[in-house]
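The values are calculated or read from the model by the stated rules, or taken from the named source; none is laboratory data. No experiment lies behind these values; they were computed from the predicted model shown. Cβ coordinates were reconstructed from backbone atoms using ideal geometry, including for glycine residues, and neighbour counts include every protein chain displayed. What goes into the accessible areas is simple: the full protein's heavy atoms, side chains included, and nothing from ligands, DNA or RNA. Shrake-Rupley method; radii C 1.70, N 1.55, O 1.52, S 1.80 Å.
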Amino acid sequence: PTADQALNPFPNKVEQNIRVRRVCKTVRDANYSYLYERAFGEPISCKNPDFATSYKRIAVALAAWQASSEVNSFSSKRDKALKRDNTFPLDGFTEQENRGRDLFYNITSDLNPTGKQANCVLCHNNFDPASTGTEEQQLYTDHHYHNIGTPFNREIPTVAKGEKTGLTAHVTSVGAGHFRTPTLRNVAKGASKSFTKAYTHNGWFKSLKSLVHFYNTRDALPKCETLGQPNATEKEALQNACWPAPEFPDTAAPGIIGNLGLSDAEEDALVAY
C-alpha cells in the first residue's frame, strides 16, 4: 500500500535521514498542524509512545494526497495538447519540444531527419516500448529495475561506497545497482525556477541536462578515475569532461545508452520535452 511505502523515505539515511519522532515534531510545529486534528479528530502528539501512531497517520495522509486528482490529474502541457489533437508535431509545443519528443520516441521526422535515437522510450513507456506517446495516461516508466551506471555519491554523509545495492538487497538473483525506473511526470517541477533537484537514486545528478548528457556520453567520455578524479561529484565531472566509474559495474548494455551520438542541441531538445 502507498501508506506503507510513505513510511520509508523519512528515516532512510540515503533519502530524508530524519528520525520518526522528528517528523512528528515537524508536523506538530508547522502552521498546518491544525489539519492533522481535522483529519484524525485529535491534536497530534509526539510523546512516547504516541509519536509512532502519529507518524503512521502522517503516512496515511500522504497516501491520500498521492491518490488525489491534484497529483494524478494528467493535465500537463503534453496532456492538454493530445486532447486537442493527437497528431504530430503537437500543437502548442515549441519546435524544440517537438524535436525532443521525436528523439525520445526514436521517430524519424522533419525535425529529426537523420533518425537519431535517444532510446528514452525503451524504459519510460508504461509497459509499451513501442509507444509513440499518444496514450492518455502515460506514466513514463516501465515499472522495471535497471542499472544505468550511476556514480557513487560521496556527498551523502555516512553512506559507504557499495552500501546501497538497490533491488539485489531484496532479490538476490538481480545484479547490484538496479533501481526502479522513475516516472518523468513533473520531473523538472520545483519550488521555484532556482530550485535544485537531485536525480537518480542517490541524487548524484543535479540537473536534467547533466543526466541526459550522461545517457548520451557515458561510454564515450573518459572515466574520471583516469584523470585523477576518483569518486568525482557532478560538478567535478562536468568540469573535466569525464564520468566516474559506476558504483555498480553491471550497467545497461552498450548501445541502449552511453554513446548515442546526440548533439548538444539534441540534448537540449530532450530536456525541453
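Quick look at the values:
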{"item": "Verdict on F127 being closer than 25 Å to S73 by Cα and surrounded by fewer than 13 Cβ atoms within 10 Å (Cβ to Cβ)", "result": "yes"}
{"item": "Criterion violated by A245 - all others in (1) on the phi > 0 side of the Ramachandran plot; (2) open to solvent by less than 50 Å² (accessible area, probe 1.4 Å) satisfied", "result": "(1)"}
{"item": "Residue among Y140, Y145 that alone is surrounded by 12 or more Cβ atoms within 10 Å (Cβ to Cβ), of a type in the set (F, W, Y), without any contact (Cβ under 8 Å) to a residue 60 or more places away in the chain and within 23 Å of Q16 (Cα to Cα)", "result": "Y145"}
{"item": "Enumerated helices (runs of 4 or more DSSP H) restricted to segment 1-80, each holding at least 2 residues that are over 26 Å from the mean Cα position of the chain (by Cα) and more than 30 Å from E136 (Cα to Cα)", "result": "20-28, 34-40, 50-66"}
{"item": "Residue in segment 189-200 that is out of contact with any Pro (no Cβ under 9 Å at 6 or more places or on another chain), free of Cβ contacts under 8 Å to residues at least 24 places away in the same chain, hydrophobic (A, V, I, L, M, F, W, C) and surrounded by 12 or more Cβ atoms within 10 Å (Cβ to Cβ) present", "result": "yes"}
{"item": "Checking K209 against (1) touching a residue at least 60 places away in the same chain (Cβ under 8 Å); (2) closer than 16 Å to G149 by Cα, the condition it does not meet", "result": "(2)"}
{"item": "Segment 148-159, residues that are open to solvent by less than 80 Å² (accessible area, probe 1.4 Å) and more than 20 Å from A176 (Cβ to Cβ)", "result": "none"}
{"item": "Filter result for R218 (in contact (Cβ under 8 Å) with a residue 60 or more places away in the chain, crowded, with 16+ Cβ neighbours inside 10 Å, within 19 Å of L103 (Cβ to Cβ) and in contact with a strand residue (DSSP E or B) (Cβ under 8 Å, 6 or more places away or on another chain))", "result": "yes"}
{"item": "F93 being among the hydrophobic types (A, V, I, L, M, F, W, C), open to solvent by 70 Å² or more (accessible area, probe 1.4 Å) and either part of a loop (DSSP other than H, G, I, E, B) or on the phi < 0 side of the Ramachandran plot (or both)", "result": "no"}
{"item": "Residue check for L103: open to solvent by 50 Å² or more (accessible area, probe 1.4 Å), of a type in the set (A, V, I, L, M, F, W, C), within 21 Å of N186 (Cβ to Cβ) and touching a residue at least 40 places away in the same chain (Cβ under 8 Å)", "result": "no"}
{"item": "Failed item, numbered, when G115 is tested on (1) within 21 Å of the chain's Cα centre (by Cα); (2) open to solvent by less than 60 Å² (accessible area, probe 1.4 Å)", "result": "(1)"}
{"item": "Test set (1) without any contact (Cβ under 8 Å) to a residue 40 or more places away in the chain; (2) of a type in the set (V, I, T); (3) surrounded by fewer than 21 Cβ atoms within 10 Å (Cβ to Cβ) - T165 fails condition number", "result": "(1)"}
{"item": "Residue list for segment 1-43, filter: open to solvent by 50 Å² or more (accessible area, probe 1.4 Å), of a type in the set (V, I, T) and more than 20 Å from A64 (Cα to Cα)", "result": "I18"}
{"item": "Residues of segment 112-135 satisfying the condition of being outside any loop (DSSP other than H, G, I, E, B), among the aliphatic types (A, V, I, L, M) and either touching a helix residue (DSSP H, G or I) at 6+ places or on another chain (Cβ under 9 Å) or closer than 14 Å to T183 by Cβ (or both)", "result": "V121"}
